[in-house]
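Novice: Could you have a look at this structure, given as structure tokens, before my questions?
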Amino acid sequence: MSNISLKEPPQAKRTLNLTRFKRDLVGWCFILAPVILIGIFVVYPMINSFHLSLQSGVGRNLNFVGLDNYTRLFQDRTFIRALQNNLTYLAIQVPLMILLGLLYAVLLNKKDLKFRSFFRMCIFLPAITSLMAYATVFRYLFDQQGIINALLLNWGLIQDPIGWLMNPVLARVTIIAALTWRWTGYNMIFYLSSLQNIDEGIYEAAKIDGANAVQAFFKITIPLLKPIILFTSIMSTIGTLQLFDEVVQITDGGPGQATVTMTQYIFNLMFWYNPDFGYAATVSFAVLLMILTLSVIQFWATRDRDKPRRRA
Amino acid sequence: MKKLVSVIGASILMLTLLFGLAGCGSDNDSGAEQIVIWAWDPAFNIAALELAAEFFNAENPDVEIIIEEVAFDSIVQQLNIAFAAGTMTGLPNIALVEQYQSQVFLQNFSEHFYPIGNRVNTNNFAGYTVPIHSHNGVMYGVPFDTGAIGMFVRHDILAQAGFSVEDVYMIDWWEALEISEAVFEATGVRMFSQNLAATGGYARMNMTASGTWYTGADGQTVNINNSPSIRRAVEVLKEFVDRDLVMHHGDANTMHANWHTSQVWAVPGAVWLTPSVMLDDGLSGQWTLVPYPRLPDVQGATNFGNMGGSAWYILDVPGYEIAAEFLSFTFGNNLEFHEALLTEIGALSVFTPLANSPVLSEPHPFFGGQPIFQQFSIWANNIPQFNVGLHTYFGNSLISTAIVEILEEGRDIDDALNAAQHHADTQLN
Amino acid sequence: MKKIKISNVFIYIFLSVASFISIFPFYWMIVSSTNRSFDITMGRLLPGNYLFNNIQTMLNETNFLTGLWNSARIAVIATVLTLLLSSMAGYAFEIYKSKWKDIVFRLLLLSMMIPTATMIVPLFLMLATVSNTVPAFGLDTIPAIIIPGLASVFLIFFFRQSTKMFATDVLEAARIDGMGELGMFFRIYMPIMKNTYAAAAIITFMGSWNAFLWPRIVIRSSDLHTLPIVLNLVNATYTLDFGLILLVSTLSIIPMGIVFFVLQKHFVAGMMGSSKG
């Protein structure tokens, strides 16, 4: 604060309060537009989707059906499969990606490593591809007649071409591989930036105390990076639970329904089968509850237990 | 304060400008009249449209006919989106719609379609097609292709293994299995190519050949686990896959490649595959057409079924008058056009006057002089009646899922079919 | 001592493999754009001389140029507007900090959790209603594509974080000199926060450029197709021309690549600036 406030006469103080009030108002004005937009396009739809989930019907002729949609939801094999898929992708892909991202970041932070910016660029490159483009590439790379099989056959690692996209398990593996390829570099940059803010001195001190690299990684690096790890973890969770583009492009939910995701199912319910917006809303509301739950769990599991969070 | 106002003003101005320009971007500057048509398959449907455009433009040169290739599921999705939203912006004048979706559209959104029935003689089209494309007695779609099925076989490969065409004529699937094993042993060639991840088409061919469908007579109740034809069809496929007599393809490219590189000796499918089979001139004269194999030991099974078949629908988008004229002038009433369709593109339609046309019995040079279209046409008349109902796409996904479970996860057939039935029961109330 | 550590050798190998895996799909994609579809299915890995043919096919049979133009202008408009709104909000939340604003901020953060999937159905129905009342903002228009995404809580958060490091005394000085609040924002804050804006610009541009689901729902006419939609359609044709598909894929990535490499240094600096605190 400025020094002027120490010597104000009472009149000036009233003016100062008015000024502060006016400034506060300006602040609100700055915030107004985004808040309104979010109210209209995020909050309202969320409330509306719950209301919709209690209805059913074709097109715009919706009738109130109470909790019928929810009963239907619990018996919906495709929904359960989609849910399983999303959770599978989540449980495997996100930790894998975070660990890899951290590993890359730590390695690329080593001052004694050459070609660091080259490696960094290579690993980050996938992050700039559009989802459709890279999904297309992966679809044909892993096609039964694709390059991956051709190379594996050539090197004598396999006898027959593998039906990556034909087999339910392998199809999911392909999707996880694609996601990891695409997003690891992106997360790596977050970790790298945070790492570069950590004081070297801490590591020096640890080395003097006899800690090796692995110990330093787990006892120093990870705790210090906790906020950013949590942040990327939550972002990735949200992203994986909303998976759509890649699945549509690489496997179209197939084979059968083996790789279908919840968002894809919602889309199909809306525009593919007999359109039932009420039920689609039910599924989407279930997705919301799931994300909220998972985020809360993640926050709770990583909360600071020893000291209260400092207000930044 | 003044600055605030001016900044706000400038922003509003900029926004309006941008949005105004943006909004203008999607308008069509149409001087001449235009008909926009959506269809898939360049070798068949789109080729037919181009021919129709030629016919029509000969009489009406200043109508611009714009044909856009759009995948059939995209068409369904886009129409669904538009109908649900209640706005027709961006929709074409004419869309090709698979017969499986017709009733869903007509029963729910008939107000968005133009009743072409008053411009076109309904007797012009095979009996089984008219109810599929009508609603409340009025016809909305112009039925186009038949979708009658058969099986193209490579008689040269069969000969290598010591078989003749008669050996595969009017057989059932178990006989086909025996022959396939022998052929594979002798030549290393498998029988046919199938997308094992999406087997809806295979199911539909076999179901129609036995006069059944996913849904019962009412068109509503789905019956998967109590259907002898579905069960037999699944058993057959499993046998073929277990004995490695089927090639898998993930897309049409691979499917064509499998045919044209002689990795399979049969193409069981619908008549609209003819142009695709003909894509490789090198194999001219090596293919012969025989009827589709029937399901063994199933009551009512025949060798004559149907897969696909679509109709042209006019949407209530400005320009429907000229679109209606276009359709009635060509697909709707014009025998000469349908004859040209047959001779120039190999597209067999359900146009009944065609039955008496000499063109139909013309020997087809690619197939060694066999009058394949006449055969398809006769077989089309032998297809047992079936009710397409409302849940075809859902049924397709049920079967695909069940078959993947059976083939890839080793699930028991009855188990998988029961699960599919249960799913249908809980979802379609 | 310039001893080559064994562990470093392993690290080099590891990173090289990682880099190879990251780059290989790009290589295949770019090389395949110059090859014939048939050769690609045969597994060709070397450049060919089919590039010109593929380009011709692309210009004749796809909506690529339209898609490029639409994606570009939508991305630019969306980025400019989103940056403006988000930076002002992030700035305000930090500089004009107050108890109530913090509460609103936390509520906004909560809203970030709400997935697009949940919003699609009601958003679509809202869109339908708007289409019937104000067609200029309804289905098949650019405003309908852009407006729902304009308020990005993520970016607001990002800007607020970055603003924590901002030296407020500069603002105080300006205020004393009589500069208005808006002037302070535009004339002082924005120039100093260049890096943050660059990072945010890349993120927003990337998001808009790659958006598929919502544009897919909104857009119908081929004049308005965006690149992801064009790519999706090119993949759905009856017979697939891989050279064409991969050419379109490659070209759709290039603009994003250019934007990124131009703003690269600012991006990294901007990300680092937000990671403090």
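Novice: Among the residues that make up region C:137-156, is at least one of them more than 7 Å from chain A (Cβ to nearest Cβ), open to solvent by 40 Å² or more (accessible area, probe 1.4 Å) and farther than 30 Å from C:LYS194 by Cβ?
Specialist: Scanning region C:137-156 turns up at least one residue that is more than 7 Å from chain A (Cβ to nearest Cβ), open to solvent by 40 Å² or more (accessible area, probe 1.4 Å) and farther than 30 Å from C:LYS194 by Cβ.
Novice: Hey, another quick one. Which ones in region B:333-352 are out of contact with any Leu (no Cβ under 6 Å at 6 or more places or on another chain), surrounded by 24 or more Cβ atoms within 10 Å (Cβ to Cβ) and part of a helix (DSSP H, G or I)?
Specialist: The answer is B:LEU341, and nothing else.
Novice: Also: Which residue, of B:VAL104, B:VAL97, B:VAL130, is surrounded by 20 or more Cβ atoms within 10 Å (Cβ to Cβ), more than 14 Å from chain C (Cβ to nearest Cβ), closer than 30 Å to B:LEU289 by Cα and among the β-branched types (Val, Ile, Thr)?
Specialist: B:VAL97
Novice: Something else about it: Filter region B:186-201 down to residues that are open to solvent by 10 Å² or more (accessible area, probe 1.4 Å) and of a type outside the set (A, V, I, L, M) and give me whichever is farthest from A:MET166 (Cα to Cα).
Specialist: Here the residue is B:THR187.
Novice: Right, something else. Residue pairs, Cβ under 7 Å, 6 or more apart or interchain, first in region C:110-122 and at the interface with another protein chain (Cβ under 7 Å from one of its Cβ atoms), second not in a helix (DSSP H, G or I). List them.
Specialist: C:PRO115/A:GLN242; C:THR116/A:GLN242; C:ALA117/A:GLN242
Novice: What number of residues in region C:34-82 are surrounded by 17 or more Cβ atoms within 10 Å (Cβ to Cβ), of a type in the set (A, V, I, L, M) and either under 20 Å from C:ASP140 (Cβ atoms) or at pLDDT 85 or above (or both)?
Specialist: So the answer is 8.
Novice: Among the residues of region B:382-403, are any at pLDDT below 85, more than 14 Å from chain A (Cβ to nearest Cβ), surrounded by fewer than 22 Cβ atoms within 10 Å (Cβ to Cβ) and out of contact with any Phe, Trp or Tyr (no Cβ under 7 Å at 6 or more places or on another chain)?
Specialist: Looking through region B:382-403, at least one residue is at pLDDT below 85, more than 14 Å from chain A (Cβ to nearest Cβ), surrounded by fewer than 22 Cβ atoms within 10 Å (Cβ to Cβ) and out of contact with any Phe, Trp or Tyr (no Cβ under 7 Å at 6 or more places or on another chain).
Novice: Mind checking which residues of region A:108-123 are crowded, with 19+ Cβ neighbours inside 10 Å and either closer than 18 Å to C:ILE6 by Cα or more than 8 Å from every other protein chain (Cβ to nearest Cβ) (or both)?
Specialist: Scanning region A:108-123 gives A:LEU108, A:ARG120.
Novice: Right, something else. Pick out the one residue from A:LEU165, A:LEU108, A:LEU131, A:LEU151 that is among the hydrophobic types (A, V, I, L, M, F, W, C) and free of Cβ contacts under 8 Å to residues at least 24 places away in the same chain.
Specialist: Checking each option against the conditions leaves just A:LEU151.
Novice: Quick one: count up the residues across region B:353-369 that are open to solvent by 30 Å² or more (accessible area, probe 1.4 Å) and either touching a Phe, Trp or Tyr at 6+ places or on another chain (Cβ under 7 Å) or not small (Gly, Ala, Ser) (or both).
Specialist: 6
Novice: Let me ask something else about it. Only one of these conditions is not met by A:PRO227: (1) open to solvent by less than 20 Å² (accessible area, probe 1.4 Å); (2) farther than 20 Å from C:ILE120 by Cβ; (3) not aliphatic (A, V, I, L, M). Which number is it?
Specialist: A:PRO227 satisfies every listed condition except (1).
Novice: Next question. Exactly one of these conditions fails for B:ILE157: (1) part of a helix (DSSP H, G or I); (2) under 21 Å from B:VAL76 (Cβ atoms). Give me its number.
Specialist: (2)
Novice: Go through region A:230-266 and give me each residue that's surrounded by fewer than 22 Cβ atoms within 10 Å (Cβ to Cβ) and among the hydrophobic types (A, V, I, L, M, F, W, C).
Specialist: A:LEU230, A:PHE231, A:ILE234, A:MET235, A:ILE238, A:PHE244
Novice: Determine whether region B:306-317 contains at least one residue that is at pLDDT below 90 and polar (S, T, N, Q).
Specialist: Yes: region B:306-317 contains one or more residues that are at pLDDT below 90 and polar (S, T, N, Q).
Novice: Of all residues in region A:163-207, count the ones that are charged (D, E, K, R) and either open to solvent by less than 10 Å² (accessible area, probe 1.4 Å) or in contact with a Lys or Arg (Cβ under 6 Å, 6 or more places away or on another chain) (or both).
Specialist: 1
Novice: Here are some residues: A:SER49, A:SER2, A:SER53. Which one is at pLDDT below 80 and open to solvent by less than 50 Å² (accessible area, probe 1.4 Å)?
Specialist: Checking each option against the conditions leaves just A:SER2.
Novice: Residues that are within 14 Å of chain A (Cβ to nearest Cβ) and polar (S, T, N, Q): which helices (runs of 4 or more DSSP H) entirely in region B:190-262 hold 2 or more of them?
Specialist: The helices (runs of 4 or more DSSP H) meeting that bar are B:252-260.
Novice: Within the set of pairs 6 or more residues apart or between chains, which connect a residue that is at the interface with another protein chain (Cβ under 9 Å from one of its Cβ atoms) inside region C:172-184 to a residue that is loosely packed, with under 14 Cβ neighbours inside 10 Å and outside any helix (DSSP H, G or I) with Cβ atoms less than 9 Å apart?
Specialist: Pairs found: C:GLU172/A:MET1; C:GLU172/A:SER2; C:ILE176/A:SER2; C:GLY180/B:MET1.
Novice: Oh, and also: Which residues, taken from region B:59-93, are hydrophobic (A, V, I, L, M, F, W, C), assigned to a strand (DSSP E or B) and at the interface with another protein chain (Cβ under 7 Å from one of its Cβ atoms)?
Specialist: none
Novice: So is A:VAL283 of a type in the set (A, V, I, L, M, F, W, C), within 14 Å of chain B (Cβ to nearest Cβ), part of a helix (DSSP H, G or I) and open to solvent by 10 Å² or more (accessible area, probe 1.4 Å) or not?
Specialist: no
Novice: If you don't mind, another one. Tell me, which residue of region A:208-224 that is at negative phi and outside any helix (DSSP H, G or I) is least open to solvent (accessible area, probe 1.4 Å)?
Specialist: For region A:208-224, the residue satisfying everything is A:ALA211.
Novice: Tell me whether region C:114-124 contains one or more residues that are within 26 Å of C:VAL153 (Cβ to Cβ), touching a helix residue (DSSP H, G or I) at 6+ places or on another chain (Cβ under 8 Å) and outside any helix (DSSP H, G or I).
Specialist: Yes, region C:114-124 contains a residue that is within 26 Å of C:VAL153 (Cβ to Cβ), touching a helix residue (DSSP H, G or I) at 6+ places or on another chain (Cβ under 8 Å) and outside any helix (DSSP H, G or I).
Novice: Looking at region C:51-60, can you tell me whether even one residue there is of a type in the set (Ser, Thr, Tyr), under 24 Å from A:ARG182 (Cβ atoms) and part of a helix (DSSP H, G or I)?
Specialist: So far as region C:51-60 goes, no, none of its residues is of a type in the set (Ser, Thr, Tyr), under 24 Å from A:ARG182 (Cβ atoms) and part of a helix (DSSP H, G or I).
Novice: Just give me the residues in region B:253-277 being under 20 Å from C:PHE38 (Cβ atoms) and either open to solvent by 20 Å² or more (accessible area, probe 1.4 Å) or more than 21 Å from the chain's Cα centre (by Cα) (or both), in sequence order.
Specialist: Residues satisfying the conditions are B:ASN253, B:MET255, B:ALA257, B:HIS260, B:THR261, B:SER262, B:GLN263, B:VAL264.
Novice: On the given criteria, is C:THR168 within 13 Å of chain B (Cβ to nearest Cβ), surrounded by fewer than 22 Cβ atoms within 10 Å (Cβ to Cβ) and polar (S, T, N, Q)?
Specialist: Spelling it out, it is not the case that C:THR168 is within 13 Å of chain B (Cβ to nearest Cβ), surrounded by fewer than 22 Cβ atoms within 10 Å (Cβ to Cβ) and polar (S, T, N, Q).
Novice: Continuing with the same structure: Among the candidates B:LEU354, B:LEU342, single out the residue that is under 20 Å from B:GLN99 (Cβ atoms), assigned by TED's automatic domain parsing to the domain that holds B:SER328 and out of contact with any Gly (no Cβ under 9 Å at 6 or more places or on another chain).
Specialist: So the residue among B:LEU354, B:LEU342 that is under 20 Å from B:GLN99 (Cβ atoms), assigned by TED's automatic domain parsing to the domain that holds B:SER328 and out of contact with any Gly (no Cβ under 9 Å at 6 or more places or on another chain) is B:LEU354.
Rundown of residues vs (1) more than 24 Å from C:MET113 (Cβ to Cβ); (2) polar (S, T, N, Q); (3) at pLDDT 80 or above, yes/no style:
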residue	(1), (2), (3)
A:ALA216	yes, no, no
A:PRO223	yes, no, yes
A:ILE228	no, no, yes
A:ILE234	no, no, yes
A:VAL283	no, no, yes
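The values are calculated or read from the model by the stated rules, or taken from the named source; none is laboratory data. The shown structure was predicted, so the numbers you read here are calculated from the model rather than taken from an experiment. Heads up, the Cβs are rebuilt from the backbone with ideal geometry, glycines too, and the neighbour counts pull from every protein chain shown. Just the protein is used for accessible areas: all its heavy atoms, side chains included, with ligands, DNA and RNA removed. Shrake-Rupley method; radii C 1.70, N 1.55, O 1.52, S 1.80 Å.
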